[in-house]
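One structure is given here, and the rest of the page talks about it.
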Amino acid sequence: AAKEAGEPYRWYHPDLDRRAGDEARLGADLRIALNEGQFRLVYQPIVDLPDGRIRYVESLVRWEHPVRGLVSPVDFIPAAEQNGLIVELGEWILRTTCDQFMRWQQEHGAAAPERISVNVSARQLAEPGFAQVVADVLAATGMRPDHLIVEVTETAVFGGGVALQTVNDIHARGVRIALDDFGTGHSSLGLLQTVPVDVLKVDKSFVDNVTMAGRHAVIPTVLIQASDGLGLSAVAEGVETAEQAAELYRLGYRLAQGYHFGKPVAAPDFAARRTGLNPV
Ligand code: C2E
Ligand code: CA
Ligand code: CA
Ligand code: CA
């Protein structure tokens with residue numbers, strides 16, 4: 001389980017479930033969780049380098065289980081993909097994310113984040129109706145399509161097919177597309193030419209060692225050069241220290257996300273931080 005400092009994931013150990021053959025129970029619990037409203041969204045800023053001004057925000061799902069406590073998405077998204085519940089859960093996530101964005105726009109105007117990012121799994125993209133769901137949510141919330149960023153993984157779109165078609169369709173409606181965890185999946189710079197990408201999210205694994213001498217900076221350097229050359233925005237993920245932020249800025253990165261700038265928090269805490277009541 002990906003336990004993060006500051007986020008009290010507790011109780012739940014996925015190994016117990018696997019060992020006891022409780023995969024099915026996890027799937028059934030997810031169904032109940034959706035019916036009972038046990039899912040929550042938290043929000044993490046995506047900021048300008050070097051000053052940390054908030055530009056975008058990414059929504060991330062949490063499961064507040066009555067007995068297990070806070071369950072990490074790493075431990076339940078795979079099960080939700082497997083039993084197909086991710087389709088319904090993903091729709092709830094999308095709707096809630098867009099609702100929250102519009103609320104911030106109304107309450108804070110120009111001080112609100114410019115765009116909001118939502119994670120969409122491979123299974124959702126494989127649903128032929130997904131592009132229409134996105135269009136419906138935008139229409140229902142009155143949100144401008146270019147204010148939404150849909151984050152997809154390289155692996156999800158690598159094989160082409162319905163997933164790529166869906167991404168093309170969403171993009172044609174004006175929604176921004178981000179390639180998440182870039183550099184860790186079926187990485188190919190060629191993908192940047194076949195998929196309509198607007199934002200490249202450079203994976204934390206490349207950021208971790210960026211301040212170390214020599215070859216560690218080669219890939220982050222290549223990726224910012226490719227982004228600039230192709231006219232994409234690059235976001236450095238998982239920035240945890242001021243040193244990493246400074247080095248990324250030196251390499252040419254202008255957008256970053258990570259604990260150094262702010263952990264994912266519930267909407268009221270995010271808004272409080274924005275208005276300076278609770279500085280990062
Ligand atoms: P991701 O989309 O790559 O999200 C970034 C993850 O890294 C988040 O973990 C975030 O809390 C964490 N993170 C951010 N900054 C730092 C940092 O500086 N250091 C460290 N160590 N971690 C950092 P989280 O929220 O546990 O989500 C894990 C993964 O679960 C996500 O990775 C994404 O693949 C998936 N996920 C989360 N929310 C959703 C969702 O709403 N829908 C779908 N389909 N997948 C989701
Ligand atoms: Ca993401
Ligand atoms: Ca990521
Ligand atoms: Ca990830």
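Details
- Under a model in which nothing but the beta-carbon of Lys, Arg (+1) and Asp, Glu (-1) is charged, the chain shows a dipole of about 340 debye around its Cα centre.
- Added length on full extension, which subtracts the Cα-Cα distance from 0.36 nm per residue, GLU240 to THR211: 9.3 nm
- The chain, helix-only ellipticity at 222 nm - DSSP H runs n ≥ 4, -39,500 (n - 2.57), divided by all residues, nearest 500: -13000 deg cm²/dmol
- Ranked by how many other Cβ atoms sit within 10 Å of their own Cβ, fewest first, the residues TRP104, TRP63, TRP92 fall in the order TRP92, TRP104, TRP63.
- Entry note, the chain: relative contact order of 18 percent, from Cα contacts under 8 Å with a spacing of 6+ residues.
- Fewest neighbouring Cβ atoms within 10 Å first, the residues ASP180, ASP198 line up as ASP198, ASP180.
- For the stretch 134-261: relative contact order, % (alpha-carbon pairs under 8 angstrom, 6 or more apart): 19 percent
- Dimensions in Å of the stretch 107-184 - Rg and Dmax from alpha carbons: 13.0, 42
- Charge tally around ALA163: other residues with Cβ under 10 Å, Lys/Arg +1 each, Asp/Glu -1 each, net 0.
- Förster-model FRET efficiency, 25 Å R0, GLN165 and ASP99, C-beta, rounded to 0.05: 0.40
- For the chain, DSSP calls about 40 percent of its internal beta bridges antiparallel.
- Computed over the stretch 197-280: relative contact order in percent, which uses C-alpha pairs under 8 Å that are six or more apart: 28 percent
- Taken about its Cα centre, the stretch 65-175 carries a charge dipole of roughly 120 debye when the Cβ of each Lys and Arg holds +1 and the Cβ of each Asp and Glu holds -1.
- Once the C-beta distance of VAL218 and ASP51 is scaled by a Förster radius of 30 Å, the resulting FRET efficiency is 0.65 to the nearest 0.05.
- Least to most buried among HIS147, HIS171, HIS186 (fewest other Cβ within 10 Å first): HIS186, HIS171, HIS147
- Between ASN119, VAL150, VAL61, the Cα set farthest toward the positive side of the dipole of the stretch 32-153 (charges on each charged residue's Cβ, about the Cα centre) is that of VAL61.
- The packing ranking of peptides 117-129, 262-274, highest mean first, is 117-129, 262-274, where packing means the average number of other beta carbon atoms within 10 angstrom of each residue.
Since every read-out is calculated from the coordinates, none of them should be taken as a lab result. Everything numeric here is computed off the predicted structure, so don't read it as measured data. Counting neighbours? That spans all protein chains shown, and the Cβs are built from the backbone with ideal geometry, glycine included.
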